[in-house]
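The values are calculated or read from the model by the stated rules, or taken from the named source; none is laboratory data. Just so we're clear, the structure is a prediction, and the values are computed from it rather than from any experiment. Cβ placement follows ideal geometry from the backbone for every residue including glycine, while neighbour counts extend to all protein chains displayed.
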Amino acid sequence: MRPPPPRPAFLPLVRLALAEDLRGGDLTSELLLPTERPGRAVIEAREPLVVCGLPVVACVFGEVDPAVRFVPRRNEGERARPGETLAELEGPIRSLLAAERTALNFLGRLAGIATLTRRCVELVAGTRARIVDTRKTLPGWRVLDKYATAVGGATNHRFGLDDGILLKDNHVAAAGGVGPAVKRVLAGAPHHLRVQVEVESLAEAREAVEAGADFLLLDNLAPAEIATIVEELAERTVIEASGGIAPENLRAVAETGVHRISVGRLTHSAPAADVALEMRTGGASA
């Protein structure tokens, strides 16, 4: 299992989210509850999910109040059933309630991404296809979104524009075609980076391979079209399918023999997992 990102990688996002929610404080709790009243709570799953995000949740509570004790009861990547406890908390009840919504927002999104990703990985089981994520992440969340896809079992693609070379259709158009684009990039590309090019037909795929491309990205092609390209070129280059990929057609794409399938919806359309915080001694969830 991939370790979580280092805290400095997501701490600014946690602080921004808390500032957005708390602003001048938690007025309801301040009016209702004594400052030092202790409390206990659990975070639990409300639906089947893949656990992801507990280290971030721990950070949220710690930022609100270092006195809060956070104890995870599930490991990242484990499955949880409805009603199962994901973590236990103890600390001032005001602090627990102040951090609740922000913590659940992080947990729900990350577990939702991991859960959808696991489903996609399982749908291609038995084929050689690997599920790959994309840069279609929530702005500011990339390190966490891609952590969640990795927890779900996907392979991370580029984190940014500087750690991979991918010639998209607009690059190809600006360069005057697939062949010229590939050759121009290869002439100056760092040796440790492979060159991937987006193609939309068998003719373009052939041209890219002849020019020296390491990867092909087949964009929005039907399974039959993908299979034709795979049959001819899969032993000469890595082939990735992309565009319009959903759980409903994922298996058909995988069975064409592609090496990788990139799925943007892992991060741009994953439904949030249903999670909740429940007080165990007094008070109620907000």
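So Ala98 fits all but one of (1) touching a residue at least 40 places away in the same chain (Cβ under 8 Å); (2) under 17 Å from the mean Cα position of the chain (by Cα); what number is the exception?
Looking at each condition in turn, Ala98 falls short on (2).
For region 183-197: of the residues being in contact with a helix residue (DSSP H, G or I) (Cβ under 6 Å, 6 or more places away or on another chain) and under 28 Å from Arg142 (Cα atoms), which is modelled with the lowest pLDDT?
Val195
Do we have Ala174 as small (Gly, Ala, Ser) and more than 23 Å from Val121 (Cβ to Cβ) here? Steps first, answer last, please.
Details: small (Gly, Ala, Ser): yes; more than 23 Å from Val121 (Cβ to Cβ): yes.
Spelling it out, Ala174 is indeed small (Gly, Ala, Ser) and more than 23 Å from Val121 (Cβ to Cβ).
Out of (1) hydroxyl-bearing (Ser, Thr, Tyr); (2) exposed (fewer than 14 other Cβ atoms within 10 Å of the Cβ); (3) more than 22 Å from Arg135 (Cβ to Cβ), the odd one out for Ser269 is which?
Condition (3) is where Ser269 drops out.
Yes/no per residue for (1) crowded, with 17+ Cβ neighbours inside 10 Å; (2) under 20 Å from Val258 (Cα atoms); (3) modelled with pLDDT of 95 or more:
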{"site": "Ala111", "(1), (2), (3)": "yes, no, yes"}
{"site": "Cys120", "(1), (2), (3)": "yes, yes, yes"}
{"site": "Val124", "(1), (2), (3)": "yes, yes, yes"}
{"site": "Asp133", "(1), (2), (3)": "yes, yes, yes"}
{"site": "Pro139", "(1), (2), (3)": "no, no, yes"}
{"site": "Ala148", "(1), (2), (3)": "yes, no, yes"}
{"site": "Gly153", "(1), (2), (3)": "yes, yes, yes"}
{"site": "Leu167", "(1), (2), (3)": "yes, yes, yes"}
{"site": "Pro180", "(1), (2), (3)": "no, no, yes"}
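Look through Ala211, Ala227, Ala222, Ala203 and report the one residue that is among the small types (Gly, Ala, Ser) and touching a Ser or Thr at 6+ places or on another chain (Cβ under 6 Å). Walk me through it before giving the result.
Working: Ala211 fails: touching a Ser or Thr at 6+ places or on another chain (Cβ under 6 Å); Ala222 fails: touching a Ser or Thr at 6+ places or on another chain (Cβ under 6 Å); Ala203 fails: touching a Ser or Thr at 6+ places or on another chain (Cβ under 6 Å).
Checking each option against the conditions leaves just Ala227.
Looking at (1) under 24 Å from Gly152 (Cα atoms); (2) in contact with a Gly (Cβ under 8 Å, 6 or more places away or on another chain); (3) without any contact (Cβ under 8 Å) to a residue 24 or more places away in the chain, which is the only condition Thr117 fails?
(3) is the only condition that Thr117 fails.
Yes or no: region 233-248 includes at least one residue that is basic (Lys, Arg) and touching a Lys or Arg at 6+ places or on another chain (Cβ under 6 Å).
Looking for residues that are basic (Lys, Arg) and touching a Lys or Arg at 6+ places or on another chain (Cβ under 6 Å), one finds none in region 233-248, hence no.
For region 121-162, give me each residue that is acidic (Asp, Glu) and within 17 Å of Ala111 (Cβ to Cβ). Lay out the reasoning, then the answer.
First, pick out the residues of region 121-162 that are acidic (Asp, Glu): 122, 133, 145, 162.
Hits for region 121-162 are Glu122, Asp133, Asp145.
Per-residue answers, yes or no, for (1) in contact with a Cys (Cβ under 8 Å, 6 or more places away or on another chain); (2) surrounded by 14 or more Cβ atoms within 10 Å (Cβ to Cβ):
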{"position": "Arg7", "(1), (2)": "yes, no"}
{"position": "Phe10", "(1), (2)": "yes, yes"}
{"position": "Leu16", "(1), (2)": "no, no"}
{"position": "Leu27", "(1), (2)": "no, no"}
{"position": "Glu44", "(1), (2)": "no, yes"}
{"position": "Glu47", "(1), (2)": "no, yes"}
{"position": "Ala58", "(1), (2)": "no, yes"}
{"position": "Phe61", "(1), (2)": "no, yes"}
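Take residues that are within 25 Å of Leu266 (Cα to Cα) and of a type outside the set (Val, Ile, Thr) and tell me which of the helices (runs of 4 or more DSSP H) falling wholly in region 1-104 contain 1 or more.
Numbers: elements: 7-22, 27-32, 54-64.
Here the list reads 7-22, 54-64.
When you check Val209 against the structure, is it β-branched (Val, Ile, Thr), buried (at least 20 other Cβ atoms within 10 Å of the Cβ) and touching a residue at least 12 places away in the same chain (Cβ under 8 Å), yes or no?
Working: β-branched (Val, Ile, Thr): yes; buried (at least 20 other Cβ atoms within 10 Å of the Cβ): yes; touching a residue at least 12 places away in the same chain (Cβ under 8 Å): yes.
In short, yes.
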